[in-house]
Amino acid sequence: QVQLVESGGGLVQAGGSLRLSCAASGSIFRINAMRWYRQAPGKQRELAATITSSNSTNYADSVKGRFTISRDNAKNTVFLQMNSLNPGDTAVYYCNADIRPSYRNSWYNYWGQGTQVTVSS
């Protein structure tokens, strides 16, 4: 079984920072792209940031210049450093990854359970 587990969410004041982590565990052969999505109350889930296996990154316009995605391939972990947070960033943040399990000859898309980020004004 493969799992993604997020951590690092919480309550922060506007202008503050948080760092999210997402660790993939289980029988993993390889991980390709890793992503952070977020879903605010009453809104659709949106893609916030992506990092490929070669460390190319892409960001939504709403977070560009404030958020930084990175990964530690040795630990199968992806991070999201969030700076200059504002109340509009309040959402549940989900980790997502394309993973080839060691027991399958195919790629699968996995989701974490989500971590709440709340930014107070």
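The values are calculated or read from the model by the stated rules, or taken from the named source; none is laboratory data. If you're wondering where the values come from, they're calculated on a predicted model, not measured in any experiment. Only protein heavy atoms, including side chains, enter the accessible area calculation; ligands, DNA and RNA are left aside. Shrake-Rupley method; radii C 1.70, N 1.55, O 1.52, S 1.80 Å.
Tabulated values for the structure
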item	result
Solvent-accessible heavy-atom area per residue, rounded to whole Å², over the chain at 1.4 Å	53
Anisotropy class of the chain from Cα gyration tensor, a/c 1.5 cut	prolate
Using θ = phi - 60° and Karplus 6.51 cos²θ - 1.76 cosθ + 1.60, couplings along region 90-95 (whole Hz; Gly, Pro as x)	4, 5, 8, 9, 10, 8
ARG71, ARG104, ranked by accessible area, largest first (probe 1.4 Å)	ARG104, ARG71
Among GLY42, GLY26, GLY16, residue whose mean-square fluctuation peaks in a GNM of the chain (springs only between Cα atoms under 10 Å)	GLY42
Solvent-accessible area, 1.4 Å probe, carbon plus sulfur percent, for the chain	44
